[in-house]
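S.K.: Starting off with a structure, shown below.
Every read-out reported here was derived from the displayed coordinates using simple, explicitly stated rules and does not represent laboratory data. Predicted, not measured: the structure shown is a model, and the values here were computed from it. Glycine also receives a Cβ, built like all others from the backbone with ideal geometry; neighbour counts cover every protein chain displayed.
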Amino acid sequence: MERREFLRALGGSAIGLAAAGGAFGDDSVTGYVAPVPADTGASGRVVVIGGGMAGATVAKYLRVWGGAKVKVTLVERESVYVSNIMSNLVLNGSRTISGLTYNWDKLASNYGIDRVQGEVVGVDRKAHRVLLAAGGPLDYDKLVIAPGIDFDRIPGIESDALQAQFPHAWKAGAQTTALRNQIRAMTSRDTFVMTIPKAPYRCPPGPYERACVVADWLKRNRRGAQVIVLDENAGIIAERASFERAFTQTHAGVITYVPNAIVDHIDPGSLTVFTAMGEFKGKVISPIPRQRAPRLLYDVGLVNDTGVPGDTIGEKRWSLVDAKTYEYLDNGIGGDVHIIGDPANHGQPKAGHVANQEAKVCADAITRLLRNDLPDANPVTNSACYSPITFETASWLTAVYRYNSASRKMETFTSNAGVAAAGEAASASKDNFEQMNKWFRQLMADTYA
Ligand SMILES: Cc1cc2nc3c(=O)[nH]c(=O)nc-3n(C[C@H](O)[C@H](O)[C@H](O)COP(=O)(O)OP(=O)(O)OC[C@H]3O[C@@H](n4cnc5c(N)ncnc54)[C@H](O)[C@@H]3O)c2cc1C
């Protein structure tokens, strides 16, 4: 099935992206504004922690599907949200951080969501109460936690100052701009070294995409400069055919890919990364650290899972949830706490498009529970991801998932309509690059407008 037909098919599904209300000429978030029904039979107070891809979407769809009697409060510590998606394109100058910046104003005005700017520091699960660093507590009937991820500190560069000197830019913002400036300061004799953490981490294809974007920019602007990719994994873990082609053909002679390069430490003085596969020096070093659920989830006692099958870190870093409702799975006082987005383990990749999908399944489940109904027993979701390979071409990756009631996780499957369980682009193309921009605008409009 052609890529366009595939996306059209997904758009028609209950949890596909909402239809855009007209062509998007730029990145402003405008789109179809669904009405908030007066009464769907559901009522209650829902507090959402985190206004990223997962939290913003769940807040919106709780109102659209739950109606006016579902009171939704969204707590977010930042004043704006900077999209990680597309942020690799800041590195080659084709996008800006300001062009990737969103806020929650339209969610408040279009859907009547109460927005609280503040830091959540605790949750009293017995009392059903969210605790803030400043200001009064928030009581809930259902709680959705969507705080994204935290990063490990790499030995040798633990301090804040050294973290800034070696920007991973795996949370878009100031580090992304700093990394772009470091790349610009390179000469044609310099080397860019990046590391890829052991899976699972946020956005599986993202690091390989970054290697391509940086190599492409260096080829055009600093011919002779090199890119070394140090991967802690045994091989490319996403869009393998596309990135193998990119590394060995499109960017041959520029990118050196080193698998199994477990990072031991970084020496900031000699600008050297020490790994299981040897020592690598670079003028610019961008080490993407291993990732885990944020501190808040540890403090509240909601981290109970090692990760996906094949995970080799082997520590409890994630929150196991039931992918039918995204309720946290434990044997104690569970219930009423749902975890979505990157910190949750549910069988799907940690990605923004998937976070948007999880949020819709979760919003639907909570709406049903709040009217004493049963959740959908067989949720289906999809994942779509585009990866720029050069400044004007991109590849893509898609997957469709359905609920497995035995594992309580999502797994890939081939739908009745013949949409394959998973697939990737046959080649990188300009057409894919245009489709990528449309997909991104629609995803962000569906999340923030
Ligand atoms: C370079 C890069 C490229 C990517 N490209 C893609 C792509 O092409 N496609 C794709 O699908 N995904 C992509 N991703 C992945 C995507 O960005 C993440 O998977 C997605 O943002 C996860 O959404 P989330 O809501 O779980 O977390 P986030 O989007 O990180 O949102 C979490 C929010 O919670 C807030 N928060 C955290 N703790 C608290 C607290 N205690 N109190 C109040 N607020 C709090 C944070 O401020 C933040 O706004 C990319 C990621 C990177 C780094």
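S.K.: Suppose only helical runs count, i.e. DSSP H with n ≥ 4. What mean residue ellipticity at 222 nm does that imply for the chain under -39500 (n - 2.57) per run, divided by all residues and rounded to the nearest 500 deg cm²/dmol?
M.R.: After summing the helix terms and dividing by residue count, I get -7500 deg cm²/dmol.
S.K.: HN-Hα J couplings of segment 425-438 from phi, Karplus 6.51/-1.76/1.60, θ = phi - 60°, integer Hz, Gly and Pro as x?
M.R.: So the Karplus estimates, Gly and Pro as x, are 4, 6, 7, 6, 8, 5, 4, 4, 5, 5, 4, 4, 5, 5 Hz.
S.K.: Counting only other residues whose beta carbon sits under 10 Å from that of residue 191, what net charge do I get with K and R as +1, D and E as -1?
M.R.: For residues surrounding residue 191, the net value is +2.
S.K.: Here is the link list: 171/409; 324/350; 60/171; 106/360; 171/316. Which ones come out longer than 25 Å on Cα distance?
M.R.: 171/409
S.K.: Moving on. Please list, in chain and number order, the residues 5+ apart from residue 228 or on another chain whose amide H is under 5 Å from its amide H, with Hs placed from the backbone.
M.R.: So residue 228 has HN proximity to 192, 193, 194, 256.
S.K.: Could you check which residue among 352, 341, 278 shows the biggest mean-square fluctuation in a GNM of the chain with a 10 Å Cα cutoff?
M.R.: Sorting by GNM fluctuation, first place goes to 278.
S.K.: May I pose another question? With a 10 Å cut-off between alpha carbons and a GNM built on the chain, which of 248, 306, 390 moves the most?
M.R.: Looking only at 248, 306, 390, the biggest GNM fluctuation is shown by 248.
S.K.: Would you please calculate the Kirkwood hydrodynamic radius of the chain over all C-alpha pairs and express it in Å, rounded to one decimal?
M.R.: Answer for the chain: a Kirkwood hydrodynamic radius of 22.4 Å.
S.K.: Please arrange 346, 251, 265 by how many other C-beta atoms lie within 10 Å of their C-beta, fewest to most.
M.R.: Fewest-to-most Cβ neighbours within 10 Å comes out as 265, 251, 346.
S.K.: Kindly state, as a whole number, the per residue volume in cubic angstrom of the convex hull around the alpha carbon atoms of segment 55-156.
M.R.: 147 Å³
S.K.: For the chain, what is the relative contact order in percent, using Cα pairs closer than 8 Å and at least 6 residues apart in sequence?
M.R.: Dividing the mean separation by the residue count of the chain yields 19 percent.
S.K.: Sticking with this structure for a sec: Largest first and in whole Å, what are the equivalent-ellipsoid semi-axes of segment 160-291 based on the Cα gyration tensor, each being the root of 5 times an eigenvalue?
M.R.: Values for segment 160-291, descending: 19, 18, 15 Å.
S.K.: Sticking with this structure for a sec: I'd like the distance between the alpha-carbon centres of segment 388-449 and segment 87-106, rounded to an integer number of Å.
M.R.: Using only Cα atoms to place each centre, the spacing works out to 21 Å.
S.K.: For every other residue with a beta carbon closer than 9 angstrom to the beta carbon of residue 304, add +1 if it is Lys or Arg and -1 if Asp or Glu, then tell me the sum.
M.R.: Every neighbour counted, the sum reads -1.
S.K.: What share of the DSSP beta bridges in segment 45-144 is antiparallel, in percent to the nearest 5?
M.R.: 40 percent
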